[in-house]
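Undergrad: Sending over a structure as structure tokens; questions will come in a sec.
The values are calculated or read from the model by the stated rules, or taken from the named source; none is laboratory data. A quick note: this is a predicted structure, and the numbers were derived from the prediction, not measured. Ideal geometry is used to build each Cβ from the backbone, glycine not excepted, and the neighbour counts take in all protein chains shown. Keep in mind that these areas ignore ligands, DNA and RNA; they rest on the heavy atoms of the full protein, side chains included. Shrake-Rupley method; radii C 1.70, N 1.55, O 1.52, S 1.80 Å.
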Amino acid sequence: MLKNGTATFKRVQSPYALVAVLDDQGSITVGGKVKKGQHFIITTLADQWTIKGDMMIIASEPGPDSLKA
């Protein structure tokens, strides 16, 4: 839970990160404002992304085993 603050995340090795906003609202530097109930994908075009405001999110990236053909 982020309370009136800022947090920066880095995509390490996966091709994307899936993010869901669970509560409240805030902003993300790679796309604009987000609010509760929204979902978005951070693609390879963004190596890092920052959220700001009051919100609870869940972010997940696929593990290396899930990317094998």
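Undergrad: With all protein chains present and a 1.4 Å probe, how do 10, 33 order by accessible area, largest first?
TA: From most exposed to least exposed: 33, 10.
Undergrad: Let me ask you something else. With every protein chain left in place, what is the accessible area per residue of the chain in square angstrom, probe 1.4 Å?
TA: 69 Å²
Undergrad: Computed from the mean reciprocal separation of all distinct C-alpha pairs, what Kirkwood hydrodynamic radius does the chain have, in Å?
TA: Computed over Cα pairs of the chain, the Kirkwood hydrodynamic radius comes out at 12.4 Å.
Undergrad: Counting only protein heavy atoms and a 1.4 Å probe, tell me what percentage of the chain's accessible area is made up of carbon and sulfur.
TA: 53 percent
Undergrad: Here is a further query. Within the stretch 20-48, name every residue whose backbone N is under 15 Å away from a label modeled 7 Å from Cα of residue 4 along the Cβ vector.
TA: Under cut-off, by backbone N: 25-26.
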